[in-house]
Amino acid sequence: MKVTVFGSGYVGLVTGACLSEVGNKVMCVDVDPAKIDLLNSGGVPIYEPGLTEMVQRNREAGRLLFTTDPKTGVDFGEIQFIAVGTPPDEDGSADLQYVLAVAESIAEHMTGFKVVVDKSTVPVGTGDKVAERIRQTLAKRGADIGFDVVSNPEFLKEGAAIGDFMKPDRIVVGTENPRSIDAMRQLYAPFNRNHERLLFMDVRSAELTKYAANAMLATKISFMNELSNLAEILGADIEQVRIGIGSDPRIGFQFIYPGCGYGGSCFPKDVQALEKTALGVGYQPELLHAVESVNHRQKELLFQKISAFFDGDLAGKTIALWGLAFKPNTDDMRAASSRTLMEALWEAGARVRAFDPVAHEEARRIYGDRPDLEIVGHADDALDGADVLAVVTEWIEFRSPDFADIRERLNYPAIFDGRNIYDPRAVNNAGLVHYSIGRKPSHPT
Ligand SMILES: NC(=O)c1ccc[n+]([C@@H]2O[C@H](COP(=O)([O-])OP(=O)(O)OC[C@H]3O[C@@H](n4cnc5c(N)ncnc54)[C@H](O)[C@@H]3O)[C@@H](O)[C@H]2O)c1
């Protein structure tokens, strides 16, 4: 099939690459000329395991094309994906300007029937807005051309995006139009061979399904974080509690890790946007509001623990920071917990010496050159001359460090483990105090 994908970010580029991988011809359109130039010269603007090889393979085979020209994109595909950003507006609701700009471009240039598929995460009712924008633009042109707007929310996880797209748990498709149902069935057939994964429903239910999934996952995390704070006060160990509840198959082990809060481009903005949607229709979403406010508090926790360690006097201190990305295997730092911590440390007069396996360039792009941030090329280099160590992202390479070496390099014997990745005994055996989430600090004996 011939497919166009508007937006070449984490979702659009993965979608384009994976659809071309199974033999479709895909044209990716982006408004960012630097991104398109890089893609056309064989580069990939984001870090996502396996993506560079897949993009290169399909680009060289002539199945994956890139352009900044919307007309070229609209002419190309019978199916037109919208995979542009839906960042939070000033009030927290989803900003639809990019989605609607693409709808307008499609309507300006289309000459025949198009299936317009919304893959961006958008509030319930956006399908109607996209259809209305296309209708209005066509009317201005005096053009009478058919189209259908389909909702096809994306559930991929950054860091495992290729696997998630190629072997999805489910493919949610919101449309009741038989022509679109056929087109989407055909498009997704290669990803649907093992068993039926396609779930057809109405557009509004598909739109809400995406928010419901993210809000449920965020709720699990915030619930566990709420419990972890309580455990710490009560003298219980949240890690033992986690195993105690996770072994109940009704609860399960996934997404109940206590930590220093969730970040990323999805959970924070989607929970907020869903709350705004609810308020907009006169419904008070008590639980959603609590999920976000617990997370805000949780993201400040590491700073509070470090500040308490230094009796509130952080001026002139240097904090070694392991992990900048909002989670492992990505360079994405949108709403990352590392940012909350660094910004609070700077505010208090401390310096940060940070290491991340892939997000260093993203950190430089966000913060530029500043005297209180040093980004180093190796985890050990972050420790030399630093006062204490804070671990914010659970990268696999941080899991089993040489604690004795850490003890040697730090000025004070303390690790602030924001993801509970260390066994307190192993940390204590090296003479270090282990500060973690949801249990009292553990001291060397
Ligand atoms: N990142 C994720 O893990 C993830 C997962 C599921 C769903 N989503 C949703 O998918 C959507 C995209 O997210 P993302 O992380 O890929 O965003 P992103 O910011 O990485 O990429 C968006 C891209 O769209 C481009 N763009 C903006 N306006 C455009 C236009 N008019 N025409 C063409 N391109 C345009 C931007 O230049 C950018 O490259 C969001 O709604 C997000 O909530 C994201």
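The values are calculated or read from the model by the stated rules, or taken from the named source; none is laboratory data. Computed from a predicted model, the values in this text were never measured in an experiment. No Cβ is skipped: glycine too gets one built from the backbone with ideal geometry, and neighbour counts run over all protein chains shown. What goes into the accessible areas is simple: the full protein's heavy atoms, side chains included, and nothing from ligands, DNA or RNA. Shrake-Rupley method; radii C 1.70, N 1.55, O 1.52, S 1.80 Å.
In the stretch 167-195, what residues are open to solvent by 30 Å² or more (accessible area, probe 1.4 Å) and within 15 Å of the ligand (Cβ to nearest atom)? Listed by number, the residues that qualify are 169, 170. In the stretch 312-352, how many are under 15 Å from residue 419 (Cβ atoms) and surrounded by fewer than 24 Cβ atoms within 10 Å (Cβ to Cβ)? Residues meeting the conditions: 4.
Within the stretch 398-412, being open to solvent by less than 40 Å² (accessible area, probe 1.4 Å) and part of a loop (DSSP other than H, G, I, E, B) holds for 401, 410.
Can you say whether residue 357 is within 28 Å of residue 229 (Cβ to Cβ), part of a loop (DSSP other than H, G, I, E, B) and not hydroxyl-bearing (Ser, Thr, Tyr), as far as the supplied structure shows?
For residue 357, the condition - within 28 Å of residue 229 (Cβ to Cβ), part of a loop (DSSP other than H, G, I, E, B) and not hydroxyl-bearing (Ser, Thr, Tyr) - is not met.
Residues of the stretch 196-228 that are acidic (Asp, Glu), within 30 Å of residue 440 (Cα to Cα) and within 16 Å of the ligand (Cβ to nearest atom): none at all.
Hey, does the stretch 291-311 have a residue that's within 30 Å of residue 126 (Cβ to Cβ), open to solvent by 70 Å² or more (accessible area, probe 1.4 Å), part of a helix (DSSP H, G or I) and at pLDDT 95 or above? The answer is yes; a qualifying residue exists.
Each row is one residue, and each column tells you yes or no for (1) in a helix (DSSP H, G or I); (2) under 26 Å from the mean Cα position of the chain (by Cα); (3) modelled with pLDDT of 95 or more.
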| position | (1), (2), (3) |
| --- | --- |
| 81 | no, yes, yes |
| 84 | no, yes, yes |
| 92 | no, yes, no |
| 100 | yes, yes, yes |
| 120 | no, yes, yes |
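For residue 255, the criteria (1) closer than 27 Å to residue 345 by Cα; (2) under 26 Å from the mean Cα position of the chain (by Cα); (3) open to solvent by 20 Å² or more (accessible area, probe 1.4 Å); (4) among the aromatic types (Phe, Trp, Tyr) hold in every case but one, which is (1). The number of residues in the stretch 90-126 that are under 29 Å from residue 264 (Cα atoms), free of Cβ contacts under 8 Å to residues at least 60 places away in the same chain and open to solvent by 30 Å² or more (accessible area, probe 1.4 Å) comes to 4. Would you mind finding the one in 361, 374 that is within 24 Å of residue 435 (Cα to Cα) and either open to solvent by 20 Å² or more (accessible area, probe 1.4 Å) or over 25 Å from the mean Cα position of the chain (by Cα) (or both)? Going through 361, 374 in turn, just one is within 24 Å of residue 435 (Cα to Cα) and either open to solvent by 20 Å² or more (accessible area, probe 1.4 Å) or over 25 Å from the mean Cα position of the chain (by Cα) (or both): 374.
Among the residues making up the stretch 12-48, those that are out of contact with any helix residue (DSSP H, G or I) (no Cβ under 8 Å at 6 or more places or on another chain), open to solvent by 10 Å² or more (accessible area, probe 1.4 Å) and near the ligand (Cβ under 8 Å from one of its atoms) are 31, 32, 35.
The rows are residues; the columns are (1) surrounded by 20 or more Cβ atoms within 10 Å (Cβ to Cβ); (2) outside any helix (DSSP H, G or I); (3) within 16 Å of the ligand (Cβ to nearest atom).
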residue: 133; (1), (2), (3): yes, no, yes
residue: 139; (1), (2), (3): no, no, no
residue: 145; (1), (2), (3): no, yes, no
residue: 148; (1), (2), (3): yes, yes, no
residue: 153; (1), (2), (3): yes, yes, yes
residue: 157; (1), (2), (3): no, yes, yes
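For residue 207, the conditions (1) under 30 Å from residue 341 (Cα atoms); (2) open to solvent by less than 20 Å² (accessible area, probe 1.4 Å); (3) in a helix (DSSP H, G or I) are fulfilled apart from (1).
Surrounded by fewer than 20 Cβ atoms within 10 Å (Cβ to Cβ), touching a residue at least 40 places away in the same chain (Cβ under 8 Å) and of a type in the set (Ser, Thr, Tyr): does that describe residue 435? Answer is no for this residue.
Within the stretch 230-252, the residues that satisfy the criterion of being surrounded by 13 or more Cβ atoms within 10 Å (Cβ to Cβ), touching a Lys or Arg at 6+ places or on another chain (Cβ under 8 Å) and not acidic (Asp, Glu) are 231, 236, 238.
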